[in-house]
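Encoded as structure tokens, here's the structure I'll be asking about.
The values are calculated or read from the model by the stated rules, or taken from the named source; none is laboratory data. Since the model is a prediction, treat every value here as computed from it, not as a measurement. Note that each Cβ is placed from the backbone with ideal geometry, even for glycine, and that neighbours are counted across all protein chains shown. Calculation scope for accessible area: heavy atoms of the full protein, side chains included, ligands and nucleic acids excluded. Shrake-Rupley method; radii C 1.70, N 1.55, O 1.52, S 1.80 Å.
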Amino acid sequence: MKRYRIATIPGDGIGQEVIPAGATVLRALAKSMGSFEFEFENFEWSGDYYRAHGVMMPEDGLDRLRDKDAILFGSAGDPHIPDHITLWGLRLKICQGFDQYANVRPTRILAGIDAPLKRSAAKDLDWVIVRENSEGEYSGVGGRVHKGHAIEVATDVSMMTRIGVERIMRYAFRLAQSRPRKRLTVITKSNAQRHAMVMWDEIAVEISKEFPDVHWDKELVDAATARMVNRPATLDTIVATNLHADILSDLAAALAGSLGIAPTGNIDPERRFPSMFEPIHGSAFDIMGKGLANPTGTFWSSVMMLDHLGEPLAAARLMSAIETMTGNRALHTRDLGGTATTAQVTDAICNSLNESF
Ligand code: IPM
Ligand code: MG
């Protein structure tokens, strides 16, 4: 029987609740499919690990993940540790260390979810945001001098490389080509940022020639926010820089009803390294330990993981179990205006997976 080796990293806050829920659902799914199984290894790298060891993950952390088939990640963030330490010490270390250069963020309004866009637009919101995940505004280049003095200077330099832009454009065009509408919107800000973003635009034109059947257009990032609200049906696949896509994907998740639902894959398209799947919500310390977290973002991220592993049937089956669950208001968690607990939602999904055979 096929056996997938999965690393789970719950991290901080509600990550500690949603990742075990995800593993439970994946085990139930594997059992109901009967054609593969999971071997999970859990890594307790988090804010607590940092307090005990002074680092977010051990020196050989990447090596311990390297031979896994995929990583399921919760969230990193601790109210008592600066965010840039938790982020750069764990999540970005994995994303950049494994060159997971494509961050893929699908958004749909799932069955039964009340979204801020008017009802008739529900079917119109079916997007995938492709976020450049290895460089740009998150390249970490910069510094501070004259700290604390009046002459203090600080820089964060956005680095764009030709190879980095070409590969994310190619990934986005290919993804757009695989979707029914074959439509791609390239987000830019080349009216104001006149070097890197101009190269970004030029490379989009070059790569588009490899994909003559993809209809594509260009949108300035500020205008894109208005278009997402006013004309959602004109968008399908979207590609944007690291920071632009970070912002647009929160808007997308909110428009689809809740940050608690939205999934992400940090993908190494070349499959040299394991890819990492995670809900986009953060550690949510305000509700941690109360059993109130919505595990749907983790379940949908698990669907993406199954697709990546080459198990499309299992992925479709879990997605349909998720939508059956969201369609039942009694199973809505607090972020969706309901009272269901993490455990109730998880049990409901497991039961429906067991029943469907
Ligand atoms: C995301 C998050 C992270 C990011 C934070 C936690 C640094 O907002 O995954 O979108 O900006 O990349
Ligand atoms: Mg974000």
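List, please: which pairs have Cβ atoms under 8 Å, are six or more places apart or on different chains, and start with a residue in the range 187-204 that is touching a residue at least 60 places away in the same chain (Cβ under 8 Å) and end with one that is assigned to a helix (DSSP H, G or I)?
Here the result reads ILE187/VAL221; ILE187/ALA224; ILE187/HIS244; ILE187/ALA245; ILE187/LEU248, each pair linking the range 187-204 to a residue that is assigned to a helix (DSSP H, G or I).
Looking only at strands (runs of 3 or more DSSP E) that lie completely in the range 100-172, which have at least 3 residues being within 15 Å of ligand 1 (Cβ to nearest atom)?
102-108, 126-132, 136-145
Inspect the range 78-90 for any residue being surrounded by fewer than 21 Cβ atoms within 10 Å (Cβ to Cβ), farther than 30 Å from THR324 by Cα and in contact with a strand residue (DSSP E or B) (Cβ under 8 Å, 6 or more places away or on another chain) and give the result as yes or no.
Among the residues of the range 78-90, at least one is surrounded by fewer than 21 Cβ atoms within 10 Å (Cβ to Cβ), farther than 30 Å from THR324 by Cα and in contact with a strand residue (DSSP E or B) (Cβ under 8 Å, 6 or more places away or on another chain), which makes the answer yes.
When residues of the range 249-259 are filtered for being over 17 Å from ILE168 (Cα atoms) and either crowded, with 24+ Cβ neighbours inside 10 Å or within 9 Å of ligand 1 (Cβ to nearest atom) (or both), how many remain?
Qualifying residue count for the region: 4.
Sticking with this structure for a sec: Counting only residues that are of a type in the set (Asp, Glu) and either loosely packed, with under 15 Cβ neighbours inside 10 Å or within 13 Å of ligand 1 (Cβ to nearest atom) (or both), which one in the range 221-248 is nearest to the chain's Cα centre (by Cα)?
Looking at residues that are of a type in the set (Asp, Glu) and either loosely packed, with under 15 Cβ neighbours inside 10 Å or within 13 Å of ligand 1 (Cβ to nearest atom) (or both), I get ASP246.
Just a yes or no: is a residue in the range 283-290 open to solvent by 10 Å² or more (accessible area, probe 1.4 Å) and within 28 Å of ASN354 (Cα to Cα)?
yes
Still on this structure: Being more than 23 Å from MET197 (Cα to Cα), at pLDDT 95 or above and either of a type in the set (A, V, I, L, M, F, W, C) or buried (at least 22 other Cβ atoms within 10 Å of the Cβ) (or both) narrows it down to one of VAL153, VAL130, so name that one.
Going through VAL153, VAL130 in turn, the sole match is VAL153.
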